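The values are calculated or read from the model by the stated rules, or taken from the named source; none is laboratory data. What you are looking at is a predicted structure, and each value in this text was computed from that prediction instead of being measured. Here the Cβ positions follow ideal geometry from the backbone for every residue, glycine too, while neighbour counts run over all protein chains shown.
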């Protein structure tokens, strides 16, 4: 068996509803890295290589592309009813069942991420740091309990980061960009331990496998700098700083929705989307009436000028409204 260890391995987990977003993320990654990489995909559906856009399959920086159909759906995954995520958010817990030829460090990226600057040096830096640390994970810290004022009020009124709910002492990270020491994962049988943690937490899980991994890790991880997982809400200027490597489109303001398409951060998504699709814009609607209202508001307050190719956007918007798709 040929074990791949020298080349950086990346992992995406998604279903057909996020195909466009994931391929957009992948092309942004390939266009920015300075070394050849392996990309692994765990997908809910049966996907063949020819389903992947040609300029990804034939990219000069792609060493290997492996696609696996998820086959462990018999588990009861918590908090998916009426959620904006699917069971694919839990696929990371099963990587040992699929990535049989991979060793070393795996870098997991959410499908709603876009690489905007060369990440190679930082990827290699944190890969080495993770190996040397003896930890399983590396991630960006999202909140420190010790830094929150009036923590008791936060628990009662918002319950966004209830450390008691997960048995966490102080640190909680965002798992949208996750470095994984896969050698230690296999050696310590982390997949089974995370599954046990998932079932023991049960209804205490709100943020899906991110809660599970945080509860198991309990602050034992290397911390990535902010630019490695830069939130779309942090993008305030038209030009990004050079130390920002990746934009992560968190929350409801996705760049393909009317709630997020008028923000500064959205242009980086659509610039990469255009590399693989004929349309200038990726536009979806949860509620079309709401989307129309958002368009009119943003035309009136001149936010429309924040968008590249505003006339083309309006044409694509009208076309998407008239289609039968949401």
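Return the total of residues in the range 256-275 being modelled with pLDDT of 95 or more and part of a loop (DSSP other than H, G, I, E, B).
Residues flagged as modelled with pLDDT of 95 or more and part of a loop (DSSP other than H, G, I, E, B) within the range 256-275 amount to 3.
Of all residues in the range 288-308 being at pLDDT below 90 and not in a helix (DSSP H, G or I), which is nearest to residue 261 (Cα to Cα)?
Checking each candidate, the answer is 307.
Failed condition for residue 118, given (1) modelled with pLDDT under 95; (2) over 28 Å from residue 97 (Cα atoms), with all others met?
(1)
Do the conditions hold for residue 67, that is, is it modelled with pLDDT of 95 or more and farther than 18 Å from residue 20 by Cα?
No: the conditions fail for residue 67.
How many of the residues in the range 200-219 are loosely packed, with under 15 Cβ neighbours inside 10 Å and in contact (Cβ under 8 Å) with a residue 40 or more places away in the chain?
2
Which residue out of 222, 244 is under 30 Å from residue 181 (Cβ atoms), surrounded by fewer than 23 Cβ atoms within 10 Å (Cβ to Cβ), modelled with pLDDT of 90 or more and not assigned by TED's automatic domain parsing to the domain that holds residue 138?
244
Could you figure out which of (1) over 25 Å from the mean Cα position of the chain (by Cα); (2) farther than 24 Å from residue 18 by Cα; (3) surrounded by 13 or more Cβ atoms within 10 Å (Cβ to Cβ) isn't true of residue 306?
The number of the failed condition is (1).
Given the conditions (1) surrounded by fewer than 18 Cβ atoms within 10 Å (Cβ to Cβ); (2) assigned by TED's automatic domain parsing to the domain that holds residue 84; (3) in contact with a helix residue (DSSP H, G or I) (Cβ under 7 Å, 6 or more places away or on another chain), report the number of the one that residue 288 does not fulfil.
(2)
Could you figure out which of (1) over 24 Å from residue 189 (Cβ atoms); (2) surrounded by 15 or more Cβ atoms within 10 Å (Cβ to Cβ); (3) touching a strand residue (DSSP E or B) at 6+ places or on another chain (Cβ under 9 Å) isn't true of residue 79?
(3)
Given the structure, is residue 88 surrounded by 14 or more Cβ atoms within 10 Å (Cβ to Cβ), touching a strand residue (DSSP E or B) at 6+ places or on another chain (Cβ under 7 Å) and part of a helix (DSSP H, G or I)?
Yes: the conditions hold for residue 88.
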